[in-house]
Amino acid sequence: MTDSVVLYEEKNQIAYITINRPKALNAINHDVIAGLEQAFKQASDDDSVKGIVIQGSGEKAFVAGADLKFFVENVKAKTVDKIVDFTRQGHELLRDLETSKKPTIAVVDGLSLGGGSELALACQYIIATDKGSFGFPESGLGIYPGYGGLLRTNKFVGPELTKYYGLTGENISAADASEMGIVDALVPADEVEKTIEKLVAQGVPADKYQAHPLADKYQEMVTAFKAENIEHTLAGQAVEGVSPEFAAKVAKKVGYKSPNSVKVIQELVDAQTPASIDEGIQIELGQLSSMFGNPEAEEGLNAVIEGRRPDFSAFK
Ligand code: CO8
């Protein structure tokens with residue numbers, strides 16, 4: 001191991017790129033983005049490399065999101081433009097991973113949150129172990145998943161479940177993500193390498209967002225979050241096909257979140273539903289300055305850094 005925040009290794013004609021900030025749960029900062037860009041270019045330019053793997057170091061996390069300290073510093077200093085530049089650069093990297101001519105594979109062998117889940121979603125394949133998970137805590141931080149998390153989740157499972165996970169912040173287990181078609185292979189840790197080699201041999205997928213029928217257990221969420229029902233659900237009212245317990249639980253959970261995030265996330269999902277990935281990225285970049293300039297982002301981000309629960313009651 002070296003001190004570098006991104007490590008690069010080639011094995012059996014596959015590039016293994018490892019985010020190496022285990023003490024910060026591999027949170028993404030400028031150095032990580034720069035290191036990933038450089039490693040991706042090295043792998044792309046090397047004719048002997050047939051596939052590219054992105055993984056995290058340490059036992060616990062794939063990637064726990066974008067570096068919150070960077071956000072807080074810039075929100076406090078009113079230099080939101082630096083956050084916009086950082087996000088734009090991250091989007092370019094993620095889109096390069098998604099459109100790579102060599103298969104790109106995220107190995108989610110630990111938790112992923114926010115930008116970490118978004119990084120995985122941008123890869124062409126995801127391999128997860130049962131330690132893996134996904135989640136979007138941003139509505140509780142006064143922001144929104146700004147690295148294409150809503151956009152790509154929407155392409156996989158549609159707007160209703162995207163709103164459900166984006167608004168509640170509820171974690172998605174590796175098993176559920178596999179059932180929904182987001183995870184391509186759910187395997188024990190000792191089968192990860194073999195699975196990587198199999199996917200690299202398959203090559204770039206024809207359509208990573210290929211339709212995948214949703215299991216029955218998601219029907220209540222879908223009904224509750226349909227355009228005509230969501231207002232009732234968020235008010236705790238059960239519409240037909242939704243149990244009163246489910247509506248009450250959702251309303252309580254979303255009630256703790258940032259009202260501005262709750263509004264903007266719904267608007268973004270609606271605007272992104274008919275959009276291409278590239279159009280969707282521009283839609284979400286367009287909202288970033290006003291989002292981070294909003295006092296709710298300051299409250300949400302400060303709270304997580306200070307280790308307390310955010311209080312958005314003043315903004316209702
Ligand atoms: N950024 C910076 N540092 C982090 C992050 C992060 N996202 N996550 C964890 N860390 C650090 C902690 O500060 C801690 O450092 P230290 O030891 O110096 O205090 C270390 O990692 C270990 O973390 P914990 O002690 O908190 O470990 P726990 O096991 O108790 O908790 C959790 C693990 C639940 C993952 C917890 O660390 C947590 O909630 N982290 C924040 C996760 C989060 O909110 N991520 C989303 C960030 S927002 C985002 O990713 C948006 C991306 C889009 C960018 C575009 C703009 C919209």
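The values are calculated or read from the model by the stated rules, or taken from the named source; none is laboratory data. Quantities reported herein were computed from a predicted structural model and do not represent experimental measurements. As a convention, Cβ positions derive from the backbone with ideal geometry for all residues, glycine included, and neighbour counts pool all protein chains shown. The accessibility values were calculated without ligands, DNA or RNA, using every heavy atom of the protein model including side chains. Shrake-Rupley method; radii C 1.70, N 1.55, O 1.52, S 1.80 Å.
Check GLY142, GLY146 and return the single one that is in contact with a helix residue (DSSP H, G or I) (Cβ under 9 Å, 6 or more places away or on another chain), on the phi > 0 side of the Ramachandran plot and part of a loop (DSSP other than H, G, I, E, B).
GLY142
Looking only at region 78-100, filter to residues that are more than 11 Å from the ligand (Cβ to nearest atom) and basic (Lys, Arg); which one of those is nearest to GLU279 (Cα to Cα)?
So, considering only residues that are more than 11 Å from the ligand (Cβ to nearest atom) and basic (Lys, Arg), the one nearest to GLU279 (Cα to Cα) is ARG95.
Among ASP176, ASP130, which is the only one that is in a loop (DSSP other than H, G, I, E, B), charged (D, E, K, R) and open to solvent by 10 Å² or more (accessible area, probe 1.4 Å)?
From the options ASP176, ASP130, the qualifying one is ASP130.
Yes or no, residue by residue, for (1) surrounded by fewer than 19 Cβ atoms within 10 Å (Cβ to Cβ); (2) touching a residue at least 12 places away in the same chain (Cβ under 8 Å); (3) assigned to a helix (DSSP H, G or I):
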site: PHE71; (1), (2), (3): no, yes, yes
site: VAL75; (1), (2), (3): no, yes, yes
site: ASP81; (1), (2), (3): yes, yes, yes
site: PHE86; (1), (2), (3): no, yes, yes
site: GLY90; (1), (2), (3): no, yes, yes
site: LEU93; (1), (2), (3): no, yes, yes
site: ASP96; (1), (2), (3): yes, yes, yes
site: VAL107; (1), (2), (3): no, yes, no
site: SER117; (1), (2), (3): no, yes, yes
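Please work out if VAL75 is at pLDDT below 95, touching a helix residue (DSSP H, G or I) at 6+ places or on another chain (Cβ under 8 Å) and within 16 Å of the ligand (Cβ to nearest atom).
yes
Can you confirm whether region 303-313 contains a residue that is within 19 Å of LYS155 (Cβ to Cβ) and either part of a helix (DSSP H, G or I) or open to solvent by 60 Å² or more (accessible area, probe 1.4 Å) (or both)?
No, region 303-313 has no match at all.
Identify all residues within region 110-146 that are more than 29 Å from GLY293 (Cα to Cα), within 12 Å of the ligand (Cβ to nearest atom) and over 13 Å from the mean Cα position of the chain (by Cα); write none if there are none.
Once the filter is applied, which keeps residues that are more than 29 Å from GLY293 (Cα to Cα), within 12 Å of the ligand (Cβ to nearest atom) and over 13 Å from the mean Cα position of the chain (by Cα), region 110-146 yields only GLY110.
Can you go through VAL200, VAL239 and tell me which one is closer than 26 Å to ALA120 by Cβ, open to solvent by less than 70 Å² (accessible area, probe 1.4 Å) and either part of a helix (DSSP H, G or I) or not charged (D, E, K, R) (or both)?
Just one listed residue meets the conditions, VAL200.
Taking region 144-156, which residues are open to solvent by 10 Å² or more (accessible area, probe 1.4 Å) and either touching a Phe, Trp or Tyr at 6+ places or on another chain (Cβ under 8 Å) or among the charged types (D, E, K, R) (or both)?
Once the filter is applied, which keeps residues that are open to solvent by 10 Å² or more (accessible area, probe 1.4 Å) and either touching a Phe, Trp or Tyr at 6+ places or on another chain (Cβ under 8 Å) or among the charged types (D, E, K, R) (or both), region 144-156 yields LYS155, PHE156.
Could you list, in sequence order, the residues of region 147-173 that are away from the ligand (no atom under 16 Å from the Cβ) and aliphatic (A, V, I, L, M)?
VAL157, LEU161, listed by residue number.
Which count do you get for residues in region 257-302 that are closer than 30 Å to LEU97 by Cα, away from the ligand (no atom under 12 Å from the Cβ) and outside any helix (DSSP H, G or I)?
6
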